[in-house]
Structure formats: C-alpha cells, structure tokens
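Derivation of every value follows stated rules applied to the coordinates shown; laboratory data play no part. Because the structure is a prediction, the values reported are computed rather than measured. No Cβ is skipped: glycine too gets one built from the backbone with ideal geometry, and neighbour counts run over all protein chains shown.
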Amino acid sequence: MAQVIGNLYKDAQIYKSENGKEFVAFTIVETDGYTDKTGKWQTKRTFYNCIKWNATKLVSRLKEGIPLSLTGNFTAKPYTDAEGNAKASVTLLVQELKFISYPKAVATEDTEPIDESMEFVGDDLPS
C-alpha cells in the first residue's frame, strides 16, 4: 500500500468504465521542498492520477485545493505515444480517502455538513 498526501489539482469528475460502473477520477499534487547546494529553496511537485470506485457521492466535496490523505495501490498501464515511444500511465487506485481539512466555504446546499475527520474506506476494485 502506498500513501499520498497532497491537494486536489482540480475538481474531481465522474466517469464510467467500459462495463458501465461509475468511478471518481482526480489528480492530487504533492509538494516537497529542499534547499539546494547554493542555499536556494527548491520546490518539487509530483502529480498523481487517482481513481476511487463506489464514491460518486463524494464528487461534490472533492474540489480544487482540498487537502487529502490517500492510501491505495499503484497500477501501471503501458501505451505507445504519438512518436512510437513506449510509455506507462501510473494511477493510484484509492482504497482509503481522508479529508485533512475541509473549508466550510466548499459546503453548498447539495452537500450536507461533514465531520472534518471523515474517512472513506472501501473496496476499490470493480466487480
């Protein structure tokens, strides 16, 4: 299992798999920093594509900038780019999603108030 902590890069979206099952897809960005040899601060951002099955009710709460803690397994799908180079797309299949904090301004009429420590755990593999 891998754990990723970061912020949503943009609002989550609902998609359908080839067999018609709905899933939530989003990208999370993890930001790290360090001081280089010259003493200058460097920022490194890593982007993770994520999928959460059986979580379409969450999409209204998964908005750009929301900090999350995710636990799941990485999967890679090979493909060939337009120039014929072999590549791989890596996706985190999220099994556990925790809101680190949840701004009250994000709650709208279609979302009920939530506990900021709310956690969502479940089987993320399609059946």
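Things to note:
- Hey, K77 in a loop (DSSP other than H, G, I, E, B), loosely packed, with under 12 Cβ neighbours inside 10 Å and basic (K, R) or not: no
- Unmet criterion (only one of (1) surrounded by 11 or more Cβ atoms within 10 Å (Cβ to Cβ); (2) in a strand (DSSP E or B); (3) out of contact with any helix residue (DSSP H, G or I) (no Cβ under 7 Å at 6 or more places or on another chain)) for K10: (2)
- Here E64 meets the list (1) touching a Lys or Arg at 6+ places or on another chain (Cβ under 6 Å); (2) surrounded by 14 or more Cβ atoms within 10 Å (Cβ to Cβ); (3) outside any strand (DSSP E or B) almost entirely, failing just condition (2).
- Residues that are closer than 12 Å to K10 by Cα and surrounded by fewer than 17 Cβ atoms within 10 Å (Cβ to Cβ) within region 40-59 comprise F47, N49, listed in sequence order.
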